[in-house]
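The values are calculated or read from the model by the stated rules, or taken from the named source; none is laboratory data. Just so you know, these numbers come straight off a predicted model, no measurement behind them. Backbone-built Cβ (ideal geometry, glycine too); neighbour counts: all protein chains shown. The protein model used for the area step is the full one, side chains on, heavy atoms only, and it has no ligands, DNA or RNA in it. Shrake-Rupley method; radii C 1.70, N 1.55, O 1.52, S 1.80 Å.
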Amino acid sequence: MVNDGARIEATLEQLAERVGDPAPQVYARLFELAPGLAPMFAMDTDGSVRAEMLHRAFETLLDLTGEAGGDTARAMIETEYVNHCGMGVPPEQFFLFFEAISEVTRCALGEAFTADDDAAWRGLLGRLRGLVGQA
């Protein structure tokens, strides 16, 4: 039986195989969910900030679901939550980045995204929501 961490990792690998760089889709979805965040990226003309943020988010997701127990992920979320609030990101919108990643992954995989994958992602998002709430 595949554990939830392996499912998350597998769906992210499939996402990369299907779309290559998912950053354009992830940020398009994020800006649909929270249009007020788009102007915060006006200076990111080459997409490097967005790419770095997405890379860190993937690392955080994998750490949180991995064997290490998520200590690095918890610290990253706490730190980035404070940093993003300081930059003007409304607290209730911080979590939306992870939700956008999940939605883009689900959409890109289509029928290959199974009920078990969905359950793993729902569990992960619930855990992330709890960590954000604690931050």
- Given charges of +1 on the Cβ of Lys and Arg and -1 on the Cβ of Asp and Glu, with all other atoms neutral, how large is the dipole of region 1-93 about its Cα centre, in debye to the nearest 20? 240
- Query: At q = 0.15, 0.16 Å⁻¹, what log₁₀ I(q)/I(0) does a Debye calculation on the Cα points of the chain give, no solvent, two decimals?
  - Reply: -0.72, -0.82
- Message: Could you tell me the calculated FRET efficiency between A51 and A28, based on Cβ-Cβ distance and R0 = 22 angstrom, to the nearest 0.05?
- Response: 0.95
- Note on the structure: Reported to the nearest 10 Å², S48 has, with a 1.4 Å probe, an accessible area equal to 60
- Note on the structure: On the accessible surface of the chain, probed at 1.4 Å with all protein chains in place, carbon and sulfur together account for a percent value of 55
- Put T45, T65, T79, T72 in order of accessible area, largest first, probe 1.4 Å, and you get T45, T72, T79, T65
- Query: With every protein chain present, what is the per residue accessible area of the chain (1.4 Å probe, Å²)?
  - Reply: 54
- Task: Please tell me the relative contact order of region 6-97 in percent, rounded to the nearest whole number, where contacts are Cα pairs under 8 Å and at least six residues apart.
- Result: 26
- Nearest-0.05 FRET efficiency for R106 and D44, computed from C-beta distance (R0 30 Å): 0.70
- Task: Tell me, rounded to the nearest percent, the portion of alpha carbon pairs in region 22-62 spaced more than 14 Å apart.
- Result: 50
- Query: Which number do you get for Rg(Cα) / (2.2 N^0.38 Å) in region 21-94?
  - Reply: 1.15
- Using only Cα positions of region 67-128, each an equal point scatterer, no hydration layer, compute I(q)/I(0) via Debye at q = 0.14, 0.21, 0.29 Å⁻¹ and quote the log10 values to two decimals. -0.51, -0.93, -1.19
